[in-house]
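In what follows, a single structure is set out as structure tokens and then discussed.
The values are calculated or read from the model by the stated rules, or taken from the named source; none is laboratory data. In this text the structure is predicted, and so the values were computed from the model without any measurement. Here the Cβ positions follow ideal geometry from the backbone for every residue, glycine too, while neighbour counts run over all protein chains shown. The area values use the complete protein model at the heavy-atom level, side chains included, leaving out ligands, DNA and RNA. Shrake-Rupley method; radii C 1.70, N 1.55, O 1.52, S 1.80 Å.
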Amino acid sequence: MKERVAITGLGYSGFSPATKGLSYKELMFKAAAMAYDDAKIDVRIDVESFVCCTEDFWEGNSIADEYMPDQLGAALHSVCTVPGDGLHGLITGFMQIKTGLVDAVVVEAHSKLSNVLTKDKVDSFAFDPVFARNLGANPYFLAGMEMNRFLHETGNSRQSCAQIASQNFNNARANPRSSYGARVPIRKILSSSMVAYPLTYMEVSKPADACMVMVLASEQKAKSMTDQPIWIEGVGWCSDTPWIESMDLAGASYASKSAQMAYRMAEVNDPIKDVDFAEIDDTFSYKELQHIEALALCKKGDAGKLVERGYIGRDGTFPVNPSGGSLGVGHLVEATGLHKVLEAALQLRSAAGKMQIKGAKRALVQSWRGIPTASGAVAILGGEYHD
């Protein structure tokens, strides 16, 4: 249990609003080949377990995990499918290694949302079938209600939410994996069409296709794979109530409880001082503010002030979503959390190119499963080799 766990291989593919001519299996194969080359492994010999993150609804076929092994080189190996966010998958692999069950794990998550013609109808299936689904409303009505409640209880402003969107769009311009990087003034975001009051169209992350594959290894085995290990120092996860009638619409308790667990494991006493930057969920503009407060990066009601003062900008004191987040890169459903890990890991390897944060040594990564869930996870990542 004392031996550390490292991310030793990174692979990715896609990152486009639509990957025409490539199936999700081909996206997985390309990302896997890149990750295995990065970790310098023969996957059929060096890896004992595989973890995939997927939902049958997105794939368009039942028991989707049966379609995972071949393109990952996992035939005749143990495959565990997590019907959840990619960060949950990473944590599953982390625990398999920490228990001594295996020495190396491959974790995969992907999005092929360009194949999904009616995403809102799929999202609606996640709602309670008796009281909520029968309303027949666009599922984003819940995001509008939550945003309204959050702003009311904390005193954060609509202006701050729009500024988050504008900042993330701009950050994404430097990210080669972004689909929606652009210069977008705050006034344009506020005046875009209303989705669910007070949430506007440009404050909602748009879908994209991508796949990420990562190799995890025990400390001893990691030494033979890489001289740039990314250590998983702490993890936490939480699933709160599934009933929207009893959710804490203002506080994101799933994020705060996940963070407390991860902070204890990583011995983080003050995240704003002990961590260098964060990649956190921004499925909707207000969610980034809500998660900043839930992660104890500031006091309740102060997240907007951090934005307005430039504190969390890419060149600020504590950068948040320097990659552009989901708003700038694109929403990747189950792969969203693993995308956050990818961007953080590249920063810790000093391989983030134009987005590089000088001297980045420790990262906070947080994910949310999406509406209508109150489910999320947090990880603290650390690197050892820096320019």
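Annotations for the structure displayed:
- With the charge dipole of segment 319-387 set up from +1 on Lys and Arg Cβ and -1 on Asp and Glu Cβ about the Cα centre, the Cα lying farthest toward the positive end among the listed residues P319, W368, G330 is that of P319.
- Solvent-accessible surface (1.4 angstrom probe) belonging to F94, in square angstrom, nearest 10: 10 Å²
- Largest to smallest in accessible area, the residues E267, E245, E153, E293 fall in the order E267, E245, E153, E293 (1.4 Å probe, all protein chains included).
- Shape category assigned to segment 235-310 from the gyration tensor of Cα positions, a/c cut at 1.5: oblate
- More than 14 angstrom apart: percent of Cα pairs within segment 16-75: 61 percent
- Largest accessible area first, the listed residues H331, H291, H152 line up as H152, H331, H291 when surface is computed with a 1.4 Å probe on the assembled protein chains.
- For segment 102-168: rounded, prolate or oblate by the Cα gyration tensor [a/c cutoff 1.5]: oblate
- A DSSP coil position with no more than 12 other Cβ atoms inside 10 Å describes the following trypsin sites (Lys or Arg not before Pro) in segment 322-387: K358.
- Using C-alpha pairs below 8 Å separated by at least 6 residues, the relative contact order for the chain is 24 percent.
- Model label points for T118 and S157, set 7 angstrom from Cα along the Cα-to-Cβ axis, are 4.2 nm apart.
- The chain - mean residue ellipticity at 222 nm from DSSP helices (-39,500 (n - 2.57) per run, n ≥ 4, rounded to 500): -10000 deg cm²/dmol
- From the coordinates shown, mean projected area of the Cα convex hull in nm² corresponds to which of (1) 25.5; (2) 17.3; (3) 19.2: (2)
- Calculated FRET value between E384 and N61, using beta carbons and R₀ = 45 Å, to 0.05: 0.60
- Entries in K206/K287; K299/K358; K257/K299; K98/K223 that, when Cα-Cα distance is taken, lie over 19 Å: K299/K358
- Cα gyration tensor shape for segment 51-149, rounded if a/c is under 1.5, else prolate or oblate: prolate
- Heavy-atom accessible surface of the chain, averaged per residue, reaches 41 Å², computed with a 1.4 Å probe.
- Options A132, A255, L348, ranked by Cα towards positive dipole end of the chain, top entry (Cβ charges): L348
- Ligands, DNA and RNA left out, the accessible area of the chain computed with a 1.4 Å probe is 52% carbon and sulfur.
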